[in-house]
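What follows is a set of notes on a single structure, which appears directly below.
The values are calculated or read from the model by the stated rules, or taken from the named source; none is laboratory data. On a predicted model such as this, the values are computed, not experimentally measured, just so you know. Heads up, the Cβs are rebuilt from the backbone with ideal geometry, glycines too, and the neighbour counts pull from every protein chain shown. For the accessible areas, the whole protein counts, side chains as well, though only heavy atoms, and no ligand, DNA or RNA atoms are used. Shrake-Rupley method; radii C 1.70, N 1.55, O 1.52, S 1.80 Å.
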Amino acid sequence: MIDTRLRHTGCRMTQFICLGMLFIGLFAPGQAWPRSLEEIRKTNELRICVAGSSYELYTAMALAFAEHLGVSPRVKRLDSWDQQFQNDKGVTDKEAAYTPALMNSGVCDCYPNDMVKNDWRLKKLDFVILFRTRMVVVVHKDNQPAYTGVADLAGKNAAIQEGTSYHSWLETQNAGPLASSPIQIQFMTTDESMQAVDAKSADFTIIGADGALNWTRNKVKNVVVAFPIGDPTELGWAFRKKDRDLQEAVRRFFVSQAAVGSRFDDIWKAKVGIPLSEFNVFITGLLQK
């Protein structure tokens, strides 16, 4: 005969063991979950997720911040720009408010990607602003005289990176003032877009003034800035909304980097072709146009 007392005790023990294993699994080392500044310091690891064609610039700045915090960096290059905003189903829902999956899971602590702050992104992330800029239209230097304003873009062929604020601006024009002769959009990376304009296989592309300085000075020979477009925008690093302490640490770090001769000045000089402090002087004039 089976001892029912032993059987019931065994069931309880099995349940206890299973619950214990679940608890261990949830909190085992290396398990990903949303991480505060305290957790970042405790684990001695800042999880940096970079995206976009200027990922080397973003990585260099984030490494400087990790060094400032006194923690080790772990850098992950994302597969696409859009991945930063995707929910747990791999979809970017601009209308919905949620924490993107990469942030919510703890895979990423920050996006140091000079991201444009806008309304739909604010439903998902908070920003610490590094600088202000404007978008600019970039064309082949031979065609520059033909491009003086937005109306000149009607019916033209644009090369642009999908999911960016530049893409959104083009869609707005096609739905509004250029609806009768919409811009033809082909999706490429920023690098491919610039090369396409340089080779005249695309009529124009759009980029931030900071990126335009680097491309037109250092990377491609035949492209120039035609004119600025849109309203002035704020760019910075993005974080989970709850990570107030981490955001404040970055904000204080940015203040220290505003001085002439800062670490960021050196990084921008090497990666963008102009120190950050000098760029801020340049952009002040552009914002007034």
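Protein-only accessible surface at a 1.4 angstrom probe places the residues Ile129, Ile267 in the order Ile129, Ile267, largest first. Taking the three principal axes of the alpha carbon atoms in region 142-187, the coordinate ranges are 29, 23, 14 Å, sorted in descending order. For region 189-289, the Cα gyration tensor yields ellipsoid semi-axes of 28, 16, 14 Å (square root of five times each eigenvalue, largest first, whole Å).
Rolling a 1.4 Å probe over the protein heavy atoms leaves Ser201 with an accessible area of roughly 70 Å².
Equivalent ellipsoid of region 71-149: semi-axes from √(5λ) of the C-alpha gyration tensor, largest first, are 31, 16, 13 Å. A straight chain from Asp82 to Thr172 at 0.36 nm per residue would run longer than the Cα-Cα distance by 30.5 nm.
Placing +1 on each Lys and Arg Cβ and -1 on each Asp and Glu Cβ, with no other charges, gives region 49-173 a dipole about its Cα centre of roughly 140 debye.
With a Förster radius of 41 Å applied to the beta-carbon distance between Glu248 and Gln186, the computed FRET efficiency rounds to 0.50. Taking 0.36 nm per residue of separation and subtracting the Cα-Cα distance, full extension of the segment from Leu122 to Asn280 would add 54.5 nm.
Using the alpha carbons alone, the radius of gyration of region 29-180 stands to its Kirkwood radius in an Rg to Rh ratio of 1.05. For the listed residue pairs Lys76/Lys156; Lys94/Lys269; Lys94/Lys221; Lys89/Lys117, the alpha carbons are over 31 angstrom apart in Lys76/Lys156; Lys94/Lys269; Lys94/Lys221. Counted over all Cα-Cα pairs of region 199-252, pairs farther apart than 14 Å make up 67 percent.
Short version: what are the Cα gyration tensor semi-axes of the chain, square root of 5 times each eigenvalue, largest first, in whole Å?
Gyration-tensor ellipsoid for the chain: 45, 24, 15 Å.
Computed on the chain, with alpha-carbon pairs under 8 angstrom and 6+ residues apart, the relative contact order is 22 percent.
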